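K.L.:
Submitted below is the structure of interest, expressed as structure tokens.
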Amino acid sequence: MSNAPRIRALVLAELCNPEWVSGPLVGWSHAFALSKNADVHLVTHEMNEPAIERSSWPRDRVTFIRLANYEKLKVWFTHRVLRSDHTTQMFTAVGIPFYWLFERLTWQLLGKRIEGGEFDVVHRITPVSPVVSSPITKRLSRARVPFVLGPINGGLPWPKGYANALQKERELVNRFRSVYQHAPFLSATWRDAAALLVASRATWDEIPERHRSRCFYLPENGILETTVSRESRGPLTKPLRAVFVGRLTPYKCADVAIRGLAPAIKRGDVVFDILGDGPERAYLERIVREEGIGAQTTFHGWLEHKDTLRLLGQAHLQVFPSIREFGGGVVVEGMALGVVPIVMAYGGPAEIVDDRTGFRLPLESAEITARQIDRIVSELVAKPDRWLPMSDACRERIRDEFTWEAKAKRSISVYEHVLGRAPRPELSPPPPPSPLLSV
């Protein structure tokens, strides 16, 4: 591979922004890491143009797709008619035809160059949702240009016993989630793709068996190698600092984190930082008042990403009992800084945390989860020497498995395979997660 010419990749990343967070930052980080090992031409939405223009990305290696009034129509319809927001499945569903338009305009601008052999492979990084098909795959198949899709991530059912959170999230479309496999162009997308990069076991299990030979496991989230702390944190001291990072919505379950930590906070063993904002904030502030822990619990609201990382890096524990998390980027960021996570044994975070690095709680009920959080914190306070080896193992795991540099190399190994230059890389999903509760 080292003597082969650099692969020429056309990377489709509708969401791709170095100055934002979540999906747009995932798209940017993956594309940028790929550009270090391949000749990448980026195709992205015009909303990302100002930030990319301020970056070091070469101006002749990017094409901006201009949707203008079409995008305004999507936002208006979702917010005003459906009363939904950009985080919901409904928003994803409404956005599918607009993404098809994105690919159509991409072909209008670059189709001749693709057919002319200017690119070895076309790779769609975002959107990550598996429900969003790629009609461009048919054109690429005719042009004999391999199409790589992913990492795709989604298909995570709402856990039983959390119907109230489901209703509060206005995610009633989830009841009909299995219908997406019959969506237009989706079957053809999976059939004609040369490779499917799959970010989670839940998504892997939903892909029909006939496509599995072209599936490769690649987690959605990552982090820059330079962000991973190289120094051990030192011994655990009281008060232990716990942190919650995320949007304050029902499924993130910050209320469960508060109730779980409240006994330790009252004992003087813990202080708690909540980083983020959202529709649940007033409700969460009321819980803090009712528990009488306001002096030791701080709501920081939305912060710049660098400030979030600074406060996150001061914590000992990241308490993140989200019941429906596809990726878990904040868990990766915390572990990179030596912050030991407490997560649910479900979804993306459960695949990031292993038996050396943190705790995975079984999905039972909010009350049981809160009691488990209290027990784990109490045991760590009683056995502080157990924390440091876990903190060091967190940094080691992220450095070895979850940096963008590592992800880019795995992506390129898939490119090499679909181009016939290398054997199939061994990229299989981890076994189904089981609870890890022992200190």
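K.L.:
Taking Rh as the Kirkwood radius, which is the inverse of the mean 1/r over Cα pairs, what is the Rg/Rh value for the chain?
P.N.:
Ratio of gyration radius to Kirkwood radius: 0.97.
K.L.:
Just how large is the dipole of the stretch 225-399 about the Cα centre, in debye to the nearest 20, putting +1 at every Lys and Arg Cβ and -1 at every Asp and Glu Cβ?
P.N.:
280
K.L.:
So what is the 222 nm mean residue ellipticity for the chain from helices alone, if each DSSP H run of at least 4 adds -39500 (n - 2.57) and you divide by all residues, rounding to the nearest 500 deg cm²/dmol?
P.N.:
Mean residue ellipticity at 222 nm (helix-derived): -12000 deg cm²/dmol.
K.L.:
Give me the number: length gained by fully extending LYS238 to GLN108, i.e. 0.36 nm times residue separation minus the C-alpha to C-alpha distance, one decimal in nm.
P.N.:
Full extension from LYS238 to GLN108 adds 40.7 nm.
K.L.:
Still on this model: Using all C-alpha to C-alpha distances in the stretch 20-66, build P(r) with 5 Å bins and read off the rounded percent in each one.
P.N.:
The percentages, shortest bin first, are 5, 20, 36, 29, 10, 1.
K.L.:
Another one. What's the extension gain from GLU396 to SER141 if we count 0.36 nm per residue and subtract their Cα-Cα distance?
P.N.:
Fully extending the segment from GLU396 to SER141 adds 87.7 nm.
K.L.:
Using mean Cβ contacts within 10 Å as the protection proxy, how do 312-323, 376-387, 34-45 order, highest first?
P.N.:
Descending packing order for the listed peptides: 312-323, 34-45, 376-387.
K.L.:
Now a separate question. Taking the Cα centre of the chain as origin, sum charge times position over the Cβ atoms of Lys and Arg (+1) and Asp and Glu (-1), and report the length of that vector in debye to the nearest 20.
P.N.:
Approximately 780 debye in magnitude.
K.L.:
Quick one: compute the contact order of the chain, relative version, from alpha carbon pairs under 8 angstrom and 6+ residues apart, as a percent.
P.N.:
Relative CO of the chain lands at 16 percent.
K.L.:
Another one. Which percent of Cα pairs goes in each bin when the distances of the stretch 225-399 are cut into 10 angstrom slices starting at zero?
P.N.:
Here the calculated profile for the stretch 225-399 is 11, 43, 39, 8, 0.
K.L.:
Okay, next question. Under 5 Å between amide H atoms, partner at least 5 residues away or on a different chain: which partners does MET344 have, H built in plane at 1.01 Å?
P.N.:
SER322, LEU361
K.L.:
Here is a follow-up. Kindly count the pairs of lysines across the chain whose alpha carbons are less than 27 Å apart, treating pairs on different chains or eight or more residues apart as eligible.
P.N.:
24
K.L.:
I'd like the antiparallel share, as a percent to the nearest 5, of DSSP beta bridges with both residues in the chain.
P.N.:
Among the beta bridges of the chain, antiparallel pairing accounts for roughly 5 percent.
K.L.:
Rounded to whole Å, give me the distance from the Cα center of the stretch 32-51 to that of the stretch 406-425.
P.N.:
Centre-to-centre (Cα) distance: 20 Å.
K.L.:
With r defined as the distance between the Cβ atoms of ALA68 and ARG267 and R0 fixed at 60 Å, what FRET efficiency is calculated, to the nearest 0.05?
P.N.:
Once the sixth-power term is evaluated, E becomes 0.55.
K.L.:
Related question: Can you give the % of DSSP beta bridges in the stretch 225-399 that are antiparallel, to the nearest 5?
P.N.:
Around 5 percent of the beta bridges assigned by DSSP in the stretch 225-399 are antiparallel ones.
FYI, it's all coordinate maths here, none of it is from the lab. Computed from a predicted structure; not experimentally measured. Note: ideal-geometry Cβ built from the backbone for every residue, glycine included; neighbour counts use all protein chains shown.
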